[in-house]
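For reference, the structure is listed below as structure tokens.
The values are calculated or read from the model by the stated rules, or taken from the named source; none is laboratory data. Given the structure is predicted, the values throughout are model-derived calculations rather than measurements. All Cβ positions, glycine included, derive from the backbone under ideal geometry; neighbour counts span all protein chains shown. Each accessible area value is taken on the protein alone, full model and side chains, heavy atoms only, with ligands, DNA and RNA left out. Shrake-Rupley method; radii C 1.70, N 1.55, O 1.52, S 1.80 Å.
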4 protein chains.
Amino acid sequence: MSRLRWFTAGESHGPALSGVLEGLPAGLHVLASDLDRDLARRQQGYGRGGRMKIEKDQAQITAGIRFGRTLGSPVALTVANRDWESWTERMQIAPGGPDAKPVLVPRPGHTDLAGGLKYGATADLRDILERASARETAMRVALGGLARAMLRELGIHIGSYVRSIGHADASEAATVHPELFARDAEALALLADHSEVRALDAESTQRLIAEIDSARARRDTLGGVIEVVATGVPVGLGSHVQWDRKLDGRIAQAMLSIPAMKAVELGDGFAGARSFGSEVHDPIALTGGQLRRTRNRAASRAGSPTANR
Amino acid sequence: MSRLRWFTAGESHGPALSGVLEGLPAGLHVLASDLDRDLARRQQGYGRGGRMKIEKDQAQITAGIRFGRTLGSPVALTVANRDWESWTERMQIAPGGPDAKPVLVPRPGHTDLAGGLKYGATADLRDILERASARETAMRVALGGLARAMLRELGIHIGSYVRSIGHADASEAATVHPELFARDAEALALLADHSEVRALDAESTQRLIAEIDSARARRDTLGGVIEVVATGVPVGLGSHVQWDRKLDGRIAQAMLSIPAMKAVELGDGFAGARSFGSEVHDPIALTGGQLRRTRNRAASRAGSPTANR
Amino acid sequence: MSRLRWFTAGESHGPALSGVLEGLPAGLHVLASDLDRDLARRQQGYGRGGRMKIEKDQAQITAGIRFGRTLGSPVALTVANRDWESWTERMQIAPGGPDAKPVLVPRPGHTDLAGGLKYGATADLRDILERASARETAMRVALGGLARAMLRELGIHIGSYVRSIGHADASEAATVHPELFARDAEALALLADHSEVRALDAESTQRLIAEIDSARARRDTLGGVIEVVATGVPVGLGSHVQWDRKLDGRIAQAMLSIPAMKAVELGDGFAGARSFGSEVHDPIALTGGQLRRTRNRAASRAGSPTANR
Amino acid sequence: MSRLRWFTAGESHGPALSGVLEGLPAGLHVLASDLDRDLARRQQGYGRGGRMKIEKDQAQITAGIRFGRTLGSPVALTVANRDWESWTERMQIAPGGPDAKPVLVPRPGHTDLAGGLKYGATADLRDILERASARETAMRVALGGLARAMLRELGIHIGSYVRSIGHADASEAATVHPELFARDAEALALLADHSEVRALDAESTQRLIAEIDSARARRDTLGGVIEVVATGVPVGLGSHVQWDRKLDGRIAQAMLSIPAMKAVELGDGFAGARSFGSEVHDPIALTGGQLRRTRNRAASRAGSPTANR
């Protein structure tokens, strides 16, 4: 039902991540370097572990693109594991094994235990954790770069920034730039790029870094909240006619399919649950012959404050 | 990929809602009256509008069941519109029209505007709002009753209650009954049935009702938060291997495909984002030769605190 | 991936067949009587059993259409079983049973045996044969009528006729009307409607009827071959880019999902396997500034002899 | 709905073909050399063009397998284009172009014309023909080797041979080995491996080769017919309950999604259309307490002559 279909494959310490994206139209301009820029953004981050430094991920395009333009055929991507040499023995594809250092103790907060039981892999939980790793998201980012190439031609942009980490809040900085939220999500993303923690100003950045330092001192980790913004979205994506075509539901699935994501809100989200309907529902006004929503608390179903574009 | 596939059809004031559920195994015991009990629960509620009283929904089974047991073939359900006589003219299926009282003004908080533009129905937004109506959820409830019949045979139960309405909180009542949350979601649902607002005790019920009364006095509406609990879930539902098989994502899609739902959390959800990892991740302990999770803040990926069942 | 998704439900002697078609655009003109005309065509036929006379199938539309036009929402159809009164006891939906006259002997040429084993229904094979019955195709015909309404607006028409029954061949009559095959499949269908056996002329009709009479005298049954023709098909349906988007494959699946169908050819089909490439491949010629195929033995991938429309 | 989902990607003269197979269970034994054996079989053939000699295809596994066994995660395969060096310029992925020698003339019998129009690629039909090429089937063969690893553990084997090429028939040789057809499709495949044209005996092989030589002398090509046999298939694959779960339909789709395939028969196929029902339907007999089909003209729906295994 969706035009775009995609799979990723690949173990965290295997030779490479693979991905196939099926359904892109022909004629889109795509550069491997565009995908690499998104991959670099993913690797950015204050206090990231050593793996992130080793990686320097690069997307290799092996199908679906010729002379820099999509052919309409499926696009295949590979992101090589730059540390594969260190792992050829333990992640060997040819028969052999067992690993001399199997993973026997399931880690809390991971799929190790459930996955090990489901797939009969308790003798070496590495058989599970290699695929359950957040490393898989590198391929999602690369495939997302292909989708971004399509959205760009339609004038749609997507950006994100960090609203909070642990108890440190950085959401106020968002109120300073309403025009980025309304009209230019790409500029929003570039603004966040200036911050090691993807906050929107220097003060917020300091606050978030201090929170991370404090957790690190306790040898602990932290959660956080990100906001994703899309601008230029035309009216009418998704549909109300069948449960699995609802845009809210599809966005929610995509978000909660990312490891470690445990909640998603659209627009006001939970805050809306503590509000009156008159506060939550975005009014529709007739201005200059056009119907316009005068605010956008619902991550508008119309997709845009202006309806008659 | 999912065994169970389903569609609903039907306009809010059309002759009937229809539903087909494909993929149920043969041999499950199903009574239309079981489905009607769930439909009655849906119609319950303090301060509900007149429609809810007219309806008294009843599910009619027309396929897939013989002598009270599923055949393995698709089950078809119908929920008639008990007020159809009043609407035969305005919702006429045969050629005719236009409606003498078309809906021309899009309502905030609804799909009217976006849907009208998408489907070319601005001349009468009724063409949109009839399908976008929350009435559609009556068929989801009835189809859900079929799924419940399957889960029951597997010892899995699902229940829910209301945690808050507007600013009125009713979540504390939940802490009184930890055993219902751990082992008996059906008893939890029955407990909530005693309350007009599906709270878990009388005091919470009063608080939520007062909030509703206050909004009604302002001629306004309110949001709220519900919690859904599943007990008896075996280890290993969903999978980490591909994005669209992740259980969290599929639950999130189902939840946010319900009209008016704008947020979903699993386990601690957003609270987890304000916590240290050590607080959020559920420890795994070896007790009496069994691996057990000693708490369940993640709406556990293992699906259960006990791993080796 | 396909815009149109559909399910049927219903047992042969149950209360009704149900169907849902999801994905039709808004604004198509649909009359229940159009669907009934197709249903009547299905019931036509020399030497058909008693069931066909009882039925006089009629499609009831219960969703997705208002004032004779589609809303873009799913269309739900019901075809009632006109003989349901005789079966209420044996096909009872409420608990009860077992049937006093269970079906214990699996019939050759049917799913009885395999289905009974798969679904654990050997105690009464009626649990299988009711759904495996060719009666299910009545709902396919009705849903097909909805698809036909969409195709009609695009100038695409589909027709069919009988090429052979048993050893009696009726394919020569097809050569008399090349224009119907090239440009007017609907007129082709109407021509076949004049024949009790859907042949294209009186002589063929007599030959096919004689073959049926001869089989009936032996108390035996016969197979046959039908040809389906589509005209007005634009270039570019389906796609070469992924296996499950190939039009040939999707047509083949649809055809062989019909009970009793055991083979399908596109264009020359098996005859092409006995030919030289130069005989099989349809030449492309430049005529008056247009690329045209000068014949159509491949049920052309271009969908049409004229390519540059 | 199907457990196994798969995509291929890759242009004929691009750097590599890629494939992802999602849904394999954990614990299957897979060797890259097993896949290579199937790839070698695909490259075999009397009178094949030069490309086949260059290729010597080898499957590289990059995901989903560790120490020779599947992990339950998606398996990713690559088959490199051994002649890539000669094509780096004309199939360049980075921006550039146009190709100095664009393909401007659409070939009969190919997707060139329809694809070029659909995807806006008439300025260089190479953008279409690279993906539409039969080279894509190399990845299908490799992915099929993974499926074969699963079937092998279930005792299911699949083999094939050539029944005819042009007017030269080789089907009689099949009658000499009824036991291979009934019980050992793998041995059948090995027998065909001895023939340059995959016939089942030396005399047939000579006949088919003579036919090819004769066509070559005319500078023409030929079609043919292959038969695919599966042995060890358990009762109950597929289902009668919904159109898209019917095994016949799914096999037909898979077959006709292969380039150049224009027809498919199951069991007697078209011959059944010229027969009496009593000749076609496979009798079910009770022998020694077991229900058995005494012949198998239907490519039995029960999947096997013995029903009560």
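Each Lys and Arg contributes +1 and each Asp and Glu -1, all at the Cβ; summed about the Cα centre of chain A, the dipole is approximately 580 debye. Which of the listed residues, A:139, A:165, A:176, is farthest toward the dipole's positive end in the range A:119-183, when Lys, Arg count +1 and Asp, Glu count -1 at the beta-carbon? Positive-end residue among those listed: A:139. On full extension, the segment bounded by residue A:44 and residue A:100 gains 16.8 nm, given 0.36 nm per residue less the C-alpha separation.
On a full-extension model of 0.36 nm per residue, what is the gain between residue C:260 and residue C:154, subtracting their alpha-carbon distance, rounded to one decimal in nm? Provide the component values of the computation, followed by the final result.
Numbers: separation 106, 0.36 × 106 = 38.16 nm, distance 3.13 nm.
Stretched fully, the residue C:260-residue C:154 segment lengthens by 35.0 nm.
Rolling a 1.4 Å probe over the protein chains gives residue B:255 an accessible area of about 50 Å².
Calculate, for residue C:84 and residue A:179, the FRET efficiency according to 1/(1 + (r/R0)^6) with r their C-beta to C-beta distance and R0 60 Å; round to the nearest 0.05.
On the way: r = 65 Å, r/R0 = 1.08.
The formula returns an efficiency of 0.40 here.
Simple spin-label estimate for residue A:226 and residue C:287 gives 5.9 nm between the two label positions (7 Å along the Cα-to-Cβ direction from each Cα). The length gained on full extension between residue B:216 and residue B:2, counted as 0.36 nm times the residue separation minus their Cα-Cα distance, comes to 72.8 nm.
Would you look at the GNM of chain B, springs on alpha carbons closer than 10 Å, and say which of B:14, B:166, B:288 moves the most? Evaluated over chain B, the most mobile residue of the options is B:288.
Label the range B:238-283 by shape, choosing from rounded, prolate and oblate, from the square roots a ≥ b ≥ c of the eigenvalues of the Cα gyration tensor; if a/c is under 1.5 it is rounded, and otherwise prolate applies when a/b is larger than b/c, oblate when it is not.
Numbers: a/c = 3.46, a/b = 1.32, b/c = 2.63.
Since a/c reaches 1.5 but b/c is at least a/b, the shape of the range B:238-283 is classed as oblate.
Estimated translational diffusion coefficient (Stokes-Einstein, Kirkwood radius over Cα pairs, 10 °C, 1.306 mPa s) of the range D:116-172: 106 µm² per second. Along the axis of the charge dipole computed for the range A:72-119 (Cβ charges of +1 for Lys and Arg, -1 for Asp and Glu, origin at the Cα centre), the listed residues A:75, A:92, A:109 are led at the positive end by A:109.
Placing a label point 7 Å from Cα along the Cα-to-Cβ direction at residue C:2 gives distances to the equivalent points in the other copies of 1.3, 2.0, 2.0 nm, listed shortest first.
On a 27 Å Cα-Cα criterion, which of the cross-link pairs B:118/D:118; B:246/C:118; C:246/D:246 come out too long? Walk me through the numbers before you get to the answer.
Details: B:118/D:118 25 Å; B:246/C:118 29 Å; C:246/D:246 19 Å.
The answer is B:246/C:118.
Across the identical copies, the 7 Å label point of residue A:95, projected outward along Cα→Cβ, sits 5.1, 5.5, 7.2 nm from its counterparts, in ascending order. Within the listed set D:99, D:112, D:36, the Gaussian network model of chain D (springs between alpha-carbon atoms below 10 Å) gives the highest mean-square fluctuation for D:99. Along chain B, the exposed loop sites are GluC sites (Glu not before Pro) outside DSSP states H, G, I, E and B with at most 16 other Cβ atoms within 10 Å, and the longest stretch free of them is B:197-309.
Given charges of +1 on the Cβ of Lys and Arg and -1 on the Cβ of Asp and Glu, with all other atoms neutral, how large is the dipole of the protein assembly as shown about its Cα centre, in debye to the nearest 20?
On the way: 160 positive and 144 negative charges, 1 e Å.
Using only the charged Cβ atoms, the result is roughly 0 debye.
Gyration tensor over the Cα atoms of the range D:12-121: the corresponding equivalent ellipsoid has semi-axes (square roots of 5 times the eigenvalues, largest first) of 32, 18, 15 Å. Each residue of the range A:175-191 was assigned a 3J(HN,Hα) from its phi angle through the Karplus expression (A = 6.51, B = -1.76, C = 1.60, θ = phi - 60°), giving 6, 6, 10, x, 5, 5, 6, 7, 9, 8, 5, 5, 4, 4, 5, 5, 4 Hz with x at Gly and Pro.
For the range B:75-229, a Kirkwood hydrodynamic radius built from all Cα pairs, placed in the Stokes-Einstein relation at 20 °C and 1.002 mPa s, yields a translational diffusion coefficient of 113 µm²/s.
Considering every Cα-Cα pair within the protein assembly as shown, what fraction, in whole percent, is farther apart than 58 Å?
On the way: 123289 of 763230 pairs.
In whole percent, the long-distance tail amounts to 16.
Simple point charges give the picture: +1 on the Cβ of Lys and Arg, -1 on the Cβ of Asp and Glu, and for the range C:143-257 a dipole about the Cα centre of about 440 debye. When the Cα convex hull of chain A is projected onto planes of every orientation, the mean area is 19.5 nm².
Does the range A:137-259 come out rounded, prolate or oblate, given a ≥ b ≥ c as the square roots of the eigenvalues of its C-alpha gyration tensor, rounded meaning a/c under 1.5 and, failing that, prolate meaning a/b above b/c? Don't skip to the answer; put the middle values down first.
Numbers: a/c = 2.11, a/b = 1.59, b/c = 1.33.
Prolate shape, in that a/c is at least 1.5 and a/b is the bigger ratio.
Using a 7 Å projection from Cα along Cα-to-Cβ, the label point at residue B:155 is separated from the same position in the remaining copies by 3.1, 5.9, 6.5 nm, smallest value first. For the range C:98-226, the relative contact order works out to 20 percent when only alpha carbon pairs closer than 8 Å and six or more residues apart are counted. Under a GNM of chain C (C-alpha, springs under 10 Å), which listed residue has the highest mean-square fluctuation: C:149, C:94, C:217? Top of the fluctuation ranking is C:94. Taking a quarter of the surface of the Cα convex hull of the range B:61-161 gives a mean projected area of 10.1 nm².
Each Cα pair under 8 Å and six or more residues apart adds its separation to the average, and for chain A the resulting relative contact order is 14 percent.
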